[in-house]
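The values are calculated or read from the model by the stated rules, or taken from the named source; none is laboratory data. It should be emphasised that the depicted structure is a prediction, and the values quoted were computed from it without experimental measurement. Glycine gets a Cβ as well: all are built from the backbone with ideal geometry, and neighbour counts include every protein chain shown. Accessible surface areas use protein heavy atoms only, side chains included; no ligands, DNA or RNA. Shrake-Rupley method; radii C 1.70, N 1.55, O 1.52, S 1.80 Å.
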Amino acid sequence: MKLHSVFQYVYIFYTFVFVLHIANIFIASDRLNYVIGLLALVMLVISFASASKLFRILSASFIVIGGCLYATSGQSVLAIPSALTANIALLTLLAMLPWMNSVVRSGRFDRSLNSLMKANVSDVGKMYTRGSATTFTLAAFLNLSAVTISQDVLKDNLAHFNKKVRDSFISTSTLRGFSLALLWSPLEILVVLSIFVTGVSYVAILPWLLLIAVLTFILDALWGRYHFRKYAYANQSGEQSREMNVKGIAKKIAHLASALVLFLALVIVCGTFFEIDFILTVTLLIFPFTLIWSTIIKRGRSFWVIGWHNWKMKANTMQNFIILFISLSFFSNSISNSSFLEVIEKPILLVAQYPLVVFLLIQVIFIFLSLFGIHPIATIGILTGLIGSLLDVYNPLSLSIVMVTSAIATLTVGTYGLVVTLTAMDTNQSPYRITLNNLPFALLLGGIGTIIAYILL
């Protein structure tokens, strides 16, 4: 996407709105939130023309449908700006991710990952497990940044492959590894919310989530190995992958892991001490942490050069994300205040005496709603009242497992979700194609969770 001269500086306006939003988190001013909503409306308008056709259509659909639902909610038109701010925090975090990627690049850790993925690989099937495992490992520490880092490495390694094969490989291995890492993470909001709603302790559910993650990873790795083994792998010079320097690579990976563990520890400590949520904590820590890290490894100069260019370029090209998430915020607000929610709860109440059917229905509801842009957090909110009733007859641990696995499964198929949208942008493919490729995995993950939950009743 070529930028008009004025859009070379639009990052300044975006940054101003993001900083204002962060400030208001601490100030908690309704008036300032309204001003941010007005600025979000301006962001939506100025970004619309520069966004791609697909995202303009999606955004317009959310606005039109959301507008119709909003009209039935009885809310004032003047309250619309306040309904546009829910996803600003996600956009702010998204704007900060390039700094984490930049320190990884300046420290040449991406080269180590590159070597690790392609070493001693004769076909793409063998690389699938490594790609998924690498994303799994990084996502445990970097969350969303892990997806972009792994995808950048894989794009380089698979640059000489057919685009359809490359896109399929990247969108399956990275998103699936990412979701399995978040499945058991105590920092993942979907896990925390599911546990809170069911009243189950994290210690009680952790072993079962790890079991589900391991089983799903093994089955998916076997599928990837078989599905992609027909594509022979050779580097761009046509030679088979060389033996890697195991000691050197291991040292680099250990260095990276140590830094990521430290970052995670800082997120936990700062979030707990200052009583701020995970997304905000990560957003605030990314830049100072990466700056200090680059200085310690004596890569400060390259970090600034790579980071500034990378951050400015990414911020200037956020139009697709901006129109999608601001319109999605309006849509989610509208649907949560409409009578449509009652339609979702009725089918489950009718079959409450059949737990397996209920568990499957919950899974289907999560996946189905995610296909239409409803975030799993909103779905958890929709089902909260129903779950309260089911806790009287079902094992809370079973319900919690179903909720967690169903919610996390949507990360790979949520057509308008952040990670799918990010992957679609990164690989220049339709988010619908990504959803279709990962739908069997989402059903597998939710299905394994449902079976284990049923056994534990």
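Kindly provide the set of residues from the range 157-172 that are part of a helix (DSSP H, G or I) and either of a type in the set (Gly, Ala, Ser) or under 22 Å from the mean Cα position of the chain (by Cα) (or both), ordered by number.
Arg166, Asp167, Ser168, Phe169, Ile170, Ser171, Thr172
Among the listed residues Thr415, Thr421, Thr435, Thr427, identify the single one that is buried (at least 19 other Cβ atoms within 10 Å of the Cβ), polar (S, T, N, Q) and in contact with a Leu (Cβ under 6 Å, 6 or more places away or on another chain).
Only one candidate passes the filter, namely Thr415.
Within the bounds of the range 269-289, is there any residue that is in contact with a Phe, Trp or Tyr (Cβ under 9 Å, 6 or more places away or on another chain), open to solvent by 80 Å² or more (accessible area, probe 1.4 Å) and outside any loop (DSSP other than H, G, I, E, B)?
No, because not a single residue in the range 269-289 is in contact with a Phe, Trp or Tyr (Cβ under 9 Å, 6 or more places away or on another chain), open to solvent by 80 Å² or more (accessible area, probe 1.4 Å) and outside any loop (DSSP other than H, G, I, E, B).
List the helices (runs of 4 or more DSSP H) inside the range 1-101, counting only whole elements, that have at least 1 residues being in contact with a Gly (Cβ under 8 Å, 6 or more places away or on another chain).
The helices (runs of 4 or more DSSP H) meeting that bar are 53-73.
Among the residues of the range 354-374, is any at pLDDT below 80, assigned to a helix (DSSP H, G or I) and of a type outside the set (Gly, Ala, Ser)?
no
Looking at the range 390-410 only, could you name the residues that are open to solvent by 10 Å² or more (accessible area, probe 1.4 Å) and in contact (Cβ under 8 Å) with a residue 24 or more places away in the chain?
Leu391, Val393, Tyr394, Asn395, Pro396, Leu397
Suppose we keep only residues that are over 20 Å from the mean Cα position of the chain (by Cα) and among the aliphatic types (A, V, I, L, M) within the range 196-213. Which one would you say is least open to solvent (accessible area, probe 1.4 Å)?
Step by step, filter the range 196-213, then rank; the result is Ile205.
Checking Tyr202 against (1) under 21 Å from Leu422 (Cα atoms); (2) touching a Pro at 6+ places or on another chain (Cβ under 9 Å); (3) at pLDDT below 80: exactly one of these is not met. Which one?
Looking at each condition in turn, Tyr202 falls short on (1).
Residues are listed down the side, and each one gets a yes or a no for (1) open to solvent by less than 40 Å² (accessible area, probe 1.4 Å); (2) at pLDDT below 85:
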| position | (1), (2) |
| --- | --- |
| Val10 | yes, no |
| Phe18 | yes, no |
| Val42 | no, no |
| Ser52 | no, yes |
| Leu78 | no, no |
| Ser82 | no, no |
| Arg108 | no, yes |
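How about the range 136-195: which of its residues are touching a helix residue (DSSP H, G or I) at 6+ places or on another chain (Cβ under 7 Å), free of Cβ contacts under 8 Å to residues at least 40 places away in the same chain and open to solvent by 10 Å² or more (accessible area, probe 1.4 Å)?
Trp184, Pro186, listed by residue number.
Hey, can you tell me all the residues within the range 292-302 that are touching a residue at least 12 places away in the same chain (Cβ under 8 Å) and open to solvent by less than 50 Å² (accessible area, probe 1.4 Å)?
Trp293, Ser294, Ile297, Ser302
Among Val305, Val343, which is of a type outside the set (Phe, Trp, Tyr), in a helix (DSSP H, G or I), surrounded by fewer than 16 Cβ atoms within 10 Å (Cβ to Cβ) and modelled with pLDDT of 80 or more?
Val305 is the lone residue from the list that is of a type outside the set (Phe, Trp, Tyr), in a helix (DSSP H, G or I), surrounded by fewer than 16 Cβ atoms within 10 Å (Cβ to Cβ) and modelled with pLDDT of 80 or more.
Just give me the residues in the range 54-66 being small (Gly, Ala, Ser) and surrounded by 14 or more Cβ atoms within 10 Å (Cβ to Cβ), in sequence order.
Ser59, Ser61, Gly66
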